[in-house]
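What follows draws every value from the coordinates through simple rules; no lab data is involved. If you're wondering where the values come from, they're calculated on a predicted model, not measured in any experiment. Here the Cβ is made from the backbone with ideal geometry for all residues, glycine too, and neighbour counts use every protein chain on show.
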């Protein structure tokens, strides 16, 4: 065999496999490269499937980036679809394969790539085999859901799980005219991605779009019609009528092939790999949704399946199996999703995750506009920044808004990757012109609020802390500094709250304190912080503003629609 002619076998045709194969071919023209895929399709966008079901993408062929013929004819890469790798013989460097017709054969390898992805987790719910109950993994699932919607014309959809897939599919079903209910066992949507108060914006937006939300409830099963079609979803306390249902409570790494081959499985139950994406067997590589990654902040192994990570893995693996030495440093879990009219993004650690990791945390929540406030089409954008209290090191960010979200989260991800602190982030030289940004970017605002807190200039209270005080503190005044009109539209209903528009605060001054702890609040905290400083100038000693104020208040609000 030619010295450079390596036999490269790749198991899996999703994102990692074709990317690794293409990169390996560019690096080494002599290698024999094979992709083996259990299903019918390769090189497709799993992340685009909700948009196919919603009708944003009308042609299912556009979900497929490259077909097997492309790899065979242009890259000289052999693609075997509807073929399963059933076992790995590491001592003989050989994989056993089975075709759809049952025919079996063996393939030798010099380098093996395991890219088996992940499987949707389906709990043992009673009635889960009824017609009309789906999961969403690949193109066949997306086509089956859309075919069912067209043929059966369901009117009510029930979704189990308020993660990314669940929310994206809620929009897809609503776009198709269905009434939608989401059942989530945790207390807020995207609980694995967002802190409680930031998720509040998402919850309210879903409610505004007519999605019925059921939190803190476990789904327990389904009921069907005499004909075997789903008609109800059961929870711990109620039943929900539905004509179609989706189970979207997360995915699990598909590690059976690796485990049976004796490869090391990590603490996250995904395949353990080193910085070169080698498994415990140096001749076998793994990447994508079946592996765990090193978190760039904590250094701990984490399982965060993302298409962006899978593509990076594919390139690194393709380079290495072809003879180069590339490494993959790790991830921050940077993610973004569209839910109706808003984008939702995060990177690094949430405040909750940072505290659980042992950090002493300081955070800020700001809600400026994505571009200059006076410019047409400017939109409110809410950004939460999490930093280490002792050093100011940036640990994470979350962002929600109608525009400009991706830019801010990408800047935050870059800052974290470079080990920046809030002082450096606040002085980052970012582009400005009124149609594109404010003179101080929202991420500058967030960083400066953290700086003020660390310097003792700004003193705040979290929504959770305030809620506890409202339930028991006697000497407490909640000072809403918005206008009378805003107060009438939306407010916190509580006996200890008082409306004093911010322009009247200096006139009343110290009499507002009167040996009480004062918490100032407004719509988005800007006026609340201004009022805090006014009261401090008047001699008040115990004044704090509500972080995020009403935009991120996660508890009940009284609105003008309520009697």
DSSP beta bridges in the chain: the antiparallel percent, rounded to 5, is 55 percent
Say R0 is 56 Å: what FRET efficiency, to the nearest 0.05, do residue 223 and residue 67 get from their beta-carbon distance?
0.85
Only bridges with both residues in segment 133-249 count here: give the DSSP antiparallel percent, nearest 5.
35 percent
Full extension between residue 239 and residue 355 adds, at 0.36 nm per residue less the Cα distance, a length in nm of 38.1 nm
Looks like segment 107-253, by Cα gyration tensor root eigenvalues a ≥ b ≥ c and the a/c under 1.5 rounded cutoff (else prolate when a/b is bigger than b/c, oblate otherwise), is oblate
Please arrange 70, 373, 51, 285 by how many other C-beta atoms lie within 10 Å of their C-beta, fewest to most.
373, 70, 51, 285
If we count other beta carbons within 10 Å of each Cβ, what is the order of 313, 494, fewest first?
494, 313
Segments 249-261, 498-510 sorted - mean Cβ within 10 Å per residue, highest first
249-261, 498-510
Remind me, what semi-axes does segment 207-329 give for its equivalent ellipsoid, largest first in whole Å, using sqrt of 5 times each Cα gyration tensor eigenvalue?
41, 17, 14
Short version: what are the Cα gyration tensor semi-axes of segment 370-470, square root of 5 times each eigenvalue, largest first, in whole Å?
23, 18, 12
Counting other C-beta atoms within 10 Å, which of 148, 529 has the fewest, and how do the rest follow?
148, 529
Spin-label proximity, residue 216 to segment 235-259 - amide N less than 20 Å from point 7 Å beyond Cα toward beta carbon:
235-240
Give me the number: length gained by fully extending residue 207 to residue 336, i.e. 0.36 nm times residue separation minus the C-alpha to C-alpha distance, one decimal in nm.
44.4 nm
Between residue 373 and residue 4, take the C-beta separation as r, use R0 = 51 Å, and let me know the FRET efficiency to the nearest 0.05.
0.25
Report the calculated FRET efficiency for residue 424 and residue 103 (r = Cβ-Cβ distance, R0 = 60 Å), to the nearest 0.05.
0.50
Correct option for Cα extents along the principal axes in Å [calculated from the coordinates] among (1) 67, 57, 48; (2) 87, 65, 46; (3) 89, 60, 42
(3)
Rough spin-label spacing in nm, given labels placed 7 Å along Cα→Cβ, for residue 433 and residue 484
4.4 nm
